[in-house]
Amino acid sequence: MDSFTRANALNPEDPMPDLLMSRTYATLGEYGKAMQYANSAVTDDPADTNLRGNLGVMLYYNAYWDEAVEELSFVVKGGLSKEGAQLEPIELTPNFPRIAEYYYTYGFALSRTNQCGEALQIAQLIISRVPADEFSIEKANEIITRCQENLTQPQGTPPASPTAGFGPAAEATPTP
């Protein structure tokens, strides 16, 4: 972290130290800090779709599901950001697990916001495009299961933790 902090101080407009700090804090389960650094990275380079994907994952971990959908949709569909940056979609292909993470997190965020029609399309896309990636296939199947549960869950029932299925369970609450 010290090296990333020094790199950021030497070149504050470089988004890479912020991205790496974001991923490191997420690995440590410090999702609030991870989200702050992910947001800083996007501020440094608002036209980088990969940075938007990382921010979307961190928003998801912090239970900002609508915002996660917005950021992660740039990875899948591309589009024009609020800042006016044109973002190109990133194709889901084998051998790029980070991109698969963006796709399945997008599917989970869609399912959390009751957009299961699109979430199921994302799950099927994952299954068809990265069939050898067992972890991503497992996540795609979890999206399908979550959408099925949405159909049977009583209205007003709070969803499970946003980190369910991502590793150690931690109850996430929105952070400022």
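The values are calculated or read from the model by the stated rules, or taken from the named source; none is laboratory data. Please read all numbers here as calculations on a predicted model, not as lab measurements. For neighbour counting, all protein chains shown are included, and Cβ atoms are generated from backbone atoms with ideal geometry for every residue, glycine included.
Residue 13 passes all but one of (1) farther than 30 Å from residue 131 by Cα; (2) within 15 Å of the chain's Cα centre (by Cα); (3) of a type in the set (Asp, Glu); which number fails?
(2)
Six or more apart or on different chains, Cβ atoms under 8 Å: show the pairs whose first residue is in the stretch 26-44 and surrounded by fewer than 21 Cβ atoms within 10 Å (Cβ to Cβ) and whose second is acidic (Asp, Glu).
Close Cβ pairs satisfying both conditions: 40/18; 44/13; 44/14; 44/18.
Quick one: which residue in 97, 89 is within 19 Å of residue 22 (Cβ to Cβ), in contact (Cβ under 8 Å) with a residue 24 or more places away in the chain, in contact with a Ser or Thr (Cβ under 9 Å, 6 or more places away or on another chain) and surrounded by fewer than 18 Cβ atoms within 10 Å (Cβ to Cβ)?
None of the others qualify; the one that does is 97.
Could you list, in sequence order, the residues of the stretch 90-105 that are of a type in the set (Phe, Trp, Tyr) and either modelled with pLDDT under 95 or within 8 Å of residue 75 (Cβ to Cβ) (or both)?
Listed by number, the residues that qualify are 96, 102, 103.
Quick check on my filter: what residues within the stretch 117-137 are touching a helix residue (DSSP H, G or I) at 6+ places or on another chain (Cβ under 9 Å) and surrounded by fewer than 21 Cβ atoms within 10 Å (Cβ to Cβ)?
Hits for the stretch 117-137 are 117, 118, 120, 121, 124, 125, 127, 129, 131, 133, 135, 137.
Go through the stretch 37-66 and report how many residues are outside any helix (DSSP H, G or I) and in contact with a helix residue (DSSP H, G or I) (Cβ under 6 Å, 6 or more places away or on another chain). Let's see the steps before the verdict.
First, the residues of the stretch 37-66 that are outside any helix (DSSP H, G or I): 45-48, 62-64.
Checking which are in contact with a helix residue (DSSP H, G or I) (Cβ under 6 Å, 6 or more places away or on another chain) leaves us with 45, 62.
Summing the residues that are outside any helix (DSSP H, G or I) and in contact with a helix residue (DSSP H, G or I) (Cβ under 6 Å, 6 or more places away or on another chain) in the stretch 37-66 gives 2.
Could you check how many residues of the stretch 67-89 are of a type outside the set (A, V, I, L, M, F, W, C), in a helix (DSSP H, G or I) and either in contact with a helix residue (DSSP H, G or I) (Cβ under 8 Å, 6 or more places away or on another chain) or modelled with pLDDT under 95 (or both)? First the steps, then the outcome.
Within the stretch 67-89, the first condition is being of a type outside the set (A, V, I, L, M, F, W, C), and the residues that meet it are 67, 70-71, 73, 77-79, 81-84, 86, 88-89.
Subset that is in a helix (DSSP H, G or I): 67, 70-71, 73, 77.
Restricting the remaining residues to those that are either in contact with a helix residue (DSSP H, G or I) (Cβ under 8 Å, 6 or more places away or on another chain) or modelled with pLDDT under 95 (or both) gives 67, 70-71, 73.
Total satisfying the criteria: 4.
What do you reckon, is residue 146 touching a Pro at 6+ places or on another chain (Cβ under 6 Å), closer than 26 Å to residue 34 by Cα and either of a type in the set (S, T, N, Q) or at pLDDT 95 or above (or both)?
So residue 146 does not fit the description; no.
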